[in-house]
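**Student:** Pasting a structure here, questions to come.
The values are calculated or read from the model by the stated rules, or taken from the named source; none is laboratory data. These numbers were taken from a predicted model, which means no experiment stands behind them. All Cβ positions, even for glycine, are placed from backbone atoms using ideal geometry, and neighbour counts span all protein chains on display. Accessible surface areas use protein heavy atoms only, side chains included; no ligands, DNA or RNA. Shrake-Rupley method; radii C 1.70, N 1.55, O 1.52, S 1.80 Å.
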Amino acid sequence: MTEMTEKLNRAAEYIKAHAGLVPEVGIVLGSGLGDLADRAEVSSIVDYADIPEFPRSTAEGHKGRFVFGRIGGTPVVIMQGRVHYYEGYDMQQVIMPTRVMALIGVKTLLLTNASGGIDRSFGAGDLMLLTDHIAAFVPNPLIGKNPDELGTRFPDMSEVYDLGLREKSLAAADKLGIELRQGVYCQLTGPSYETPAEVRMLDMLGADAVGMSTAVEAIAARHMGLKVCGVSVVTNPASGISETPLDHEEVKVQAAAAAVRLGQLLEELIKNI
Ligand code: HPA
């Protein structure tokens, strides 16, 4: 066993001992979206700070804990607060929670985030289902010795965001009368927001929304064979498209406003997984 898998196992063993259930679905909540955990029938809570080897989330608007419970009968684990590269963690630490979720039983990972809209038809508060991502501007989280027991050295990424889950998400949105847009998400490191020139570049490259998370977690999850679904809350038109300077407070306000719809959507999706 490598040093990395030893650390992962230590964290996983602690969490298993405190979880009270074996989660099938993992849900990662982005900035301002933490309240979604209110939808779960909660059975236990595990703070990241108590987990051996675990990175802590320092970002504002992120709580830093796993909430275990059931949504519509399905056992879930909800990550309230993720770890970002811009906080100073290396990529292996950023994806550690994803790997640990897989080790404690999660088979399907639902990733959420807040993003800036590059597609000009997106308005603040729109929900975007991820069809694909661009992660080429951030270090690949699988760089380093490959833990073969977790996954293959060169994992396929031709369908990161599972088509079946996308179809179920669209059907759930339709049933609930929620508008669900679709597009390609690009992860940059942050923490500075983009310049207008960078947003024009990303537009040319085929990105529809930009943010500071998610793609590397999706890569790590696919590496371990999880099914992945991603939904982004477009909290603002991206830099240069927006008339006004970007502001994290506004991002949180918009995310909170969209969180109810996102929660309804995820709950309906989970019922159908
Ligand atoms: N850019 C990057 N990340 C973001 C944005 C943005 O405009 N809005 C919310 N998260």
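**Student:** Please find, in a Gaussian network model of the chain (springs between Cα atoms separated by less than 10 Å), the residue of Met96, Met79, Met204 whose mean-square fluctuation is greatest.
**Tutor:** So, out of Met96, Met79, Met204, the one fluctuating most is Met204.
**Student:** Also, I was wondering about something else. Before anything else, pin down the relative contact order of the chain: Cα pairs under 8 Å, at least 6 apart, normalised by residue count, whole percent.
**Tutor:** 25
**Student:** Compute the distance in nm between two label points, each set 7 Å from the Cα along the Cα-to-Cβ direction, one at Glu3 and one at Arg200.
**Tutor:** Inter-label distance under the simple model: 4.6 nm.
**Student:** Once you sort the root eigenvalues of the Cα gyration tensor of region 99-234 as a ≥ b ≥ c, which label holds: rounded (a/c under 1.5), prolate (a/b larger than b/c) or oblate (the other case)?
**Tutor:** Oblate, because a/c is 1.5 or more while a/b does not exceed b/c.
**Student:** When the chain is modelled as a GNM with alpha-carbon springs shorter than 10 Å, which of Arg99, Arg39, Arg56 fluctuates the most?
**Tutor:** Fluctuation is largest for Arg39.
**Student:** Taking the Cα atoms of region 1-65, report the difference between the largest and smallest coordinate on each principal axis, in whole Å and largest first.
**Tutor:** Here the Cα extents, ordered largest to smallest, are 37, 27, 18 Å.
**Student:** To the nearest 500 deg cm²/dmol, what mean residue ellipticity at 222 nm is calculated for the chain from DSSP H runs of n ≥ 4 alone, each contributing -39,500 (n - 2.57), summed and divided by the residues?
**Tutor:** Mean residue ellipticity at 222 nm (helix-derived): -9500 deg cm²/dmol.
**Student:** Of all the accessible heavy-atom surface of the chain, with the other protein chains kept in place and a 1.4 Å probe, what percent is carbon and sulfur?
**Tutor:** C and S atoms contribute 49 percent here.
**Student:** Sticking with this one: What whole-number value in Å² describes the accessible area per residue of region 8-159 for a 1.4 Å probe?
**Tutor:** Numbers: 6130 Å² over 152 residues.
Heavy-atom accessible area per residue stands at 40 Å².
**Student:** While we're on this one: Over the Cα atoms of region 29-120, what is the Rg over Rh ratio if Rh follows Kirkwood?
**Tutor:** Expressed as Rg/Rh, it is 0.97.
**Student:** For the chain, set up a GNM with springs between Cα atoms under 10 Å and report which of Glu149, Glu194, Glu24 has the largest fluctuation.
**Tutor:** Glu149
**Student:** A further question on this structure: Would you work out if region 194-273 is rounded, prolate or oblate? Take a ≥ b ≥ c from the square roots of the eigenvalues of the alpha-carbon gyration tensor; rounded if a/c is under 1.5, else prolate when a/b is larger than b/c, oblate otherwise.
**Tutor:** It comes out oblate by the Cα gyration axes.
**Student:** Continuing with the same structure: Considering every pair of different Cα atoms, what Kirkwood radius, in Å, is found for the chain?
**Tutor:** On the way: mean 1/r = 0.0543 Å⁻¹.
So the Kirkwood estimate lands at 18.4 Å.
**Student:** Which order do peptides 126-133, 2-9 fall in by mean Cβ count within 10 Å, highest first?
**Tutor:** 126-133, 2-9
**Student:** Amide H of Val228 versus every other amide H placed in the peptide plane: which residues, excluding those fewer than 5 positions away on the same chain, fall under 5 Å?
**Tutor:** Correct list: Leu109, Asp162.
**Student:** I've got another one for you. How do 65-78, 225-238 rank on mean C-beta neighbours within 10 Å, highest first?
**Tutor:** Per-residue Cβ counts within 10 Å, averaged per peptide and sorted highest first, yield 225-238, 65-78.
**Student:** Only bridges with both residues in the chain count here: give the DSSP antiparallel percent, nearest 5.
**Tutor:** Values: 19 of 49 bridges.
Counting DSSP beta bridges with both partners in the chain, the antiparallel share is about 40 percent.
**Student:** Net charge near Thr108, counting Lys/Arg +1 and Asp/Glu -1 over other residues with Cβ under 10 Å of its Cβ?
**Tutor:** 0
**Student:** Could you report region 170-233's accessible area per residue, 1.4 Å probe, as an integer in Å²?
**Tutor:** Using a 1.4 Å probe on heavy atoms only, each residue of region 170-233 averages 39 Å².
**Student:** Right, something else. Between Thr244 and Asp174, what is the label-to-label distance in nm when each label sits 7 Å out along the Cα-to-Cβ direction?
**Tutor:** Each label point lies 7 Å from its Cα, and together they span 3.7 nm.
**Student:** Between Phe154 and Lys271, what length in nm is gained on full extension when 0.36 nm per residue of separation is reduced by their alpha carbon distance?
**Tutor:** Full-extension gain reported as 38.8 nm.
**Student:** Cut-off 20 Å, label point 7 angstrom out along Cα-to-Cβ of Glu13: give me the residues of region 95-133 whose amide nitrogen falls inside.
**Tutor:** Taking a point 7 Å out along Cα→Cβ of Glu13, the residues of region 95-133 whose backbone N falls under 20 Å are 96-106.
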